[in-house]
Amino acid sequence: MKKSIKRTKYSAEFQEQGFSLVEAIGALLILTITFAIAGPLFLTQTKSNIKNEIRTGAVSVSQQILDDLRLENNLTLGETSEDNIESLGKFYNYTQFICTDQPTFNNDSSVTCPITVDVNNPIRYILLQVKYYEETIYTVETIYTDIK
């Protein structure tokens, strides 16, 4: 048995009209609210990713410098700085302090690095500060000793 579908005048007119102005404005409003909420979240996530990338590069630079120091036979005491160390496509500056006693941070963010020459003391305190655009991103402090 076949069922017949009755087509009314109303349904035929409704199918030909498309979206009404109110429906289109409602859809645009929902879309605008969605973008207004998602936009700041996207920007915050992007900033966070950039910060993490900069920090990862600074850690990589410090690891590279400390590895180079491990290979040296005679460490030069005092403060040493170098510019434009490249890691992950960014350029970093670093300052290293090689001391005979533990370095201390002063109130003005400077470092005091005690140096007393003692041939019987093989311990060297190393403080490394990695900077990106003059902002200290990563600081590492370690102790090396000369094993004979």
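Here, each number is a calculation from the coordinates, and none is a lab measurement. Values in this document were obtained by computation on a predicted structure and should not be read as measured data. Note that we place each Cβ from the backbone using ideal geometry, even for glycine, and neighbour counts take in every protein chain shown.
Lysine pairs in the chain with Cα distance under 16 Å, only those 8 or more apart or on different chains: how many are there?
Qualifying lysine pairs in the chain: 4.
Mind listing the phi-derived Karplus ³J(HN,Hα) values for the range 128-140, rounded to whole Hz, using 6.51, -1.76 and 1.60 with θ = phi - 60°, and x for any glycine or proline?
Computed from phi, the couplings for the range 128-140 are 10, 10, 9, 10, 10, 6, 6, 9, 5, 9, 8, 10, 10 Hz.
Taking Cα atoms, how many degrees apart are the long axis of helix 21-71 and the longest axis of the chain, rounded to 10 and kept between 0 and 90?
That works out to roughly 20 degrees.
If each DSSP helix of 4+ residues adds -39,500 (n - 2.57) and the sum is divided by the residues in the chain, what number results at 222 nm, nearest 500 deg cm²/dmol?
Computed mean residue ellipticity for the chain: -14500 deg cm²/dmol.
As I understand it, the dipole of the range 75-127 uses +1 on the Cβ of Lys and Arg and -1 on the Cβ of Asp and Glu, about the Cα centre. Which of C99, I123, V111 lies farthest toward its positive end?
Positive-most Cα among the choices belongs to I123.
Please give the charge dipole size of the chain, origin at the Cα centre, charges +1 on K and R Cβ atoms and -1 on D and E Cβ atoms. Round to the nearest 20 debye.
1760 debye
Please return the longest range in the chain lying between exposed loop sites, taking GluC sites (Glu not before Pro), DSSP loop only, at most 15 other beta-carbon atoms within 10 Å, and leaving the sites out.
With a cap of 15 other Cβ atoms within 10 Å, the longest stretch comes to 1-71.
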